[in-house]
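Report on the structure given below.
The values are calculated or read from the model by the stated rules, or taken from the named source; none is laboratory data. Given the structure is predicted, the values throughout are model-derived calculations rather than measurements. FYI the Cβ positions are ideal-geometry reconstructions off the backbone, even for glycines, and counts take in every protein chain you see. The accessibility values were calculated without ligands, DNA or RNA, using every heavy atom of the protein model including side chains. Shrake-Rupley method; radii C 1.70, N 1.55, O 1.52, S 1.80 Å.
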Amino acid sequence: MASIMLNNPWDRARSQLHSAVSHLKLPAAFIERMEKPDRVIEVSIPVKMDDGRKETFRGYRVQHNNIRGPYKGGLRYHPKVDMDEVKALAFWMTMKNAVVDVPFGGGKGGITVDPKKLSEGELERLTRGFARELAPYIGEEVDVPAPDVNTSPKIMSWFRDEYSKVVGKDSPAVVTGKPVGEGGSEGRVEATGLGGFYALMETMRLLGRRHNGLKVAIQGFGNVGSYLAGYMKEAGFRVVALSDSKGGLYVPNGIIDLSVVAACKEKSGKLAGCYCVGSVCDFSNMESLGGRDISSTETLTLPVDVVVPAALENAITEENANAVQASIILEMANGPTTEEADVILKKKHVTVIPDILANSGGVAVSYFEWYQNMHDEKWKKEDVLAKLKERMDTATQAVYENAKDYKVSLREAAYIVALKRLYDAA
Ligand code: NAD
């Protein structure tokens, strides 16, 4: 029963909050404020489908807390989106924005929809409808959405355009993650993956661990997983396994050319079968590469040094945590580890670099984008990436120091860092 409860992300978020506050002397009223979102918004979005039918979708926006600045967090389009998931994700945004020290509060939104079943026109009408419904509650200095699972720069561009029409004023800073030519920041598209890479490298430096030749398995090959894979390979890690929602591939000696594999996935719609030698990718190469197909869950328990969940919540559970062989887990997805799994991993002395630190690079560059829009500036990519590295290194060091001081896990330490900053601002 308890395990069922804690697989509800909102229950887990609150449980993580309580475990961190037990180390701090914080007033009950402050803790209560953190436990309750400031506002929850649920809307109906009627959309005219291509065949002339009208379909109504359900959309959500949760504004968890704005003590440190405007609500900030992405919009997710997925069939499993519901209010509890969005509440948890909004709470994690409040914590994440405090850990990476950007002047934002936490928010999150989404629509219960399988966007892969919609045409581009239907997706645009859905997004514009959502923007109209949310317009009274958001704004450049109020609440600033961004991309998340299945939402792209193009979707952000539609959203900004529709919002601007509703309020009668062009408002580029109402969303981040826009295309670079339309007010987006250089470096935003790769920011989450690169930020995770910086957090990993800094943690390994602090732990005195070498990275060259270490084996990595990555679950999720979307925006976050694909960029991260590239940075890790470039730095000398061996990326041996990749998976997406349809399964994946395992090549024990390392996947040779990630860009060819990415092109294969783009063409065939899935990673499975992308055994590439030169530019030729198919099953006939599987044997010569010594590879095999894997399921998405198997990605997490392969004989590797680093496992990266970069897809959705509840990937590592009490069912598979004992089978994890890696000594480091880099949580790029939000909430990928259940509470029970966390306990098991702690006993196994696995270093878990928690989501609210590991994936905070995206929102750090979202802040840079918002700042550039608000001040009519345009920064060079190298400047954006240098600022990202500085923020990720500083945040990682703060988390590591607090873990040592309080003798707690990196996850609890990240919450401690966030809660202290939130309390100071309250
Ligand atoms: P995306 O939509 O670009 O990619 C998601 C990937 O996960 C796809 O490859 C999809 O096939 C895969 N996937 C879905 N279900 C899966 C399953 N059961 N097993 C294996 N793979 C599966 O999304 P993204 O932007 O890369 O986000 C990935 C995660 O990172 C999410 O948890 C998101 O909340 C988190 N995150 C994203 C950002 C960002 O800037 N995009 C920032 C912070 C956190």
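Take the residues in segment 378-401 that are in contact with a Leu (Cβ under 9 Å, 6 or more places away or on another chain) and among the polar types (S, T, N, Q); name whichever of them is surrounded by the most Cβ atoms within 10 Å (Cβ to Cβ).
Checking each candidate, the answer is 396.
Scan 425, 398 and give me the residue that is away from the ligand (no atom under 14 Å from the Cβ), closer than 23 Å to residue 197 by Cβ and not assigned by TED's automatic domain parsing to the domain that holds residue 224.
Values: 425 fails: closer than 23 Å to residue 197 by Cβ.
Result: 398 is the single residue among 425, 398 that is away from the ligand (no atom under 14 Å from the Cβ), closer than 23 Å to residue 197 by Cβ and not assigned by TED's automatic domain parsing to the domain that holds residue 224.
Would you please name the residue that is farthest from the chain's Cα centre (by Cα), looking only at residues in segment 178-235 that are within 12 Å of the ligand (Cβ to nearest atom) and free of Cβ contacts under 8 Å to residues at least 60 places away in the same chain?
229
If I go through segment 335-362 residue by residue, how many of them are open to solvent by 10 Å² or more (accessible area, probe 1.4 Å), away from the ligand (no atom under 16 Å from the Cβ) and aliphatic (A, V, I, L, M)?
3
Which residue is surrounded by the most Cβ atoms within 10 Å (Cβ to Cβ), if the candidates are limited to segment 236-258 and must be within 13 Å of the ligand (Cβ to nearest atom) and of a type in the set (D, E, K, R)?
So the residue we want is 244.
For segment 305-331, give me the residue count where each residue is modelled with pLDDT of 95 or more, open to solvent by 10 Å² or more (accessible area, probe 1.4 Å) and hydrophobic (A, V, I, L, M, F, W, C). Reasoning before the result, please.
Step one: of segment 305-331, the residues modelled with pLDDT of 95 or more are 305-311, 315-331.
Those left that are additionally open to solvent by 10 Å² or more (accessible area, probe 1.4 Å): 305, 310-311, 315, 317-320, 322-323, 325, 327.
Filter once more, keeping what is hydrophobic (A, V, I, L, M, F, W, C): 310-311, 315, 323.
The total comes to 4.
Could you tell me how many of the residues in segment 82-112 are part of a loop (DSSP other than H, G, I, E, B) and open to solvent by less than 10 Å² (accessible area, probe 1.4 Å)?
Of all residues in segment 82-112, those part of a loop (DSSP other than H, G, I, E, B) come to 82, 100-105.
Filter once more, keeping what is open to solvent by less than 10 Å² (accessible area, probe 1.4 Å): 100, 102, 104-105.
Total satisfying the criteria: 4.
Tell me, please, whether a residue that is open to solvent by less than 10 Å² (accessible area, probe 1.4 Å) and in contact with a strand residue (DSSP E or B) (Cβ under 6 Å, 6 or more places away or on another chain) can be found in segment 177-192.
Within segment 177-192 (the criterion being open to solvent by less than 10 Å² (accessible area, probe 1.4 Å) and in contact with a strand residue (DSSP E or B) (Cβ under 6 Å, 6 or more places away or on another chain)), the answer is yes, since at least one residue qualifies.
Just to be sure I understand, how many residues within segment 274-321 are more than 12 Å from the ligand (Cβ to nearest atom) and among the hydroxyl-bearing types (Ser, Thr, Tyr)?
6
Using beta carbons and a limit of 8 Å, which pairs, at least six apart or on different chains, have the first residue in segment 135-153 and closer than 21 Å to residue 97 by Cα and within 16 Å of the ligand (Cβ to nearest atom) and the second one at pLDDT below 95 and of a type in the set (Gly, Ala, Ser)?
If the second residue must be at pLDDT below 95 and of a type in the set (Gly, Ala, Ser), the pairs left are 149/222.
Being more than 16 Å from the ligand (Cβ to nearest atom), open to solvent by less than 40 Å² (accessible area, probe 1.4 Å) and without any contact (Cβ under 8 Å) to a residue 12 or more places away in the chain: is that true of residue 171 here? Working first, answer last.
Values: more than 16 Å from the ligand (Cβ to nearest atom): yes; open to solvent by less than 40 Å² (accessible area, probe 1.4 Å): yes; without any contact (Cβ under 8 Å) to a residue 12 or more places away in the chain: no.
Criteria not met by residue 171.
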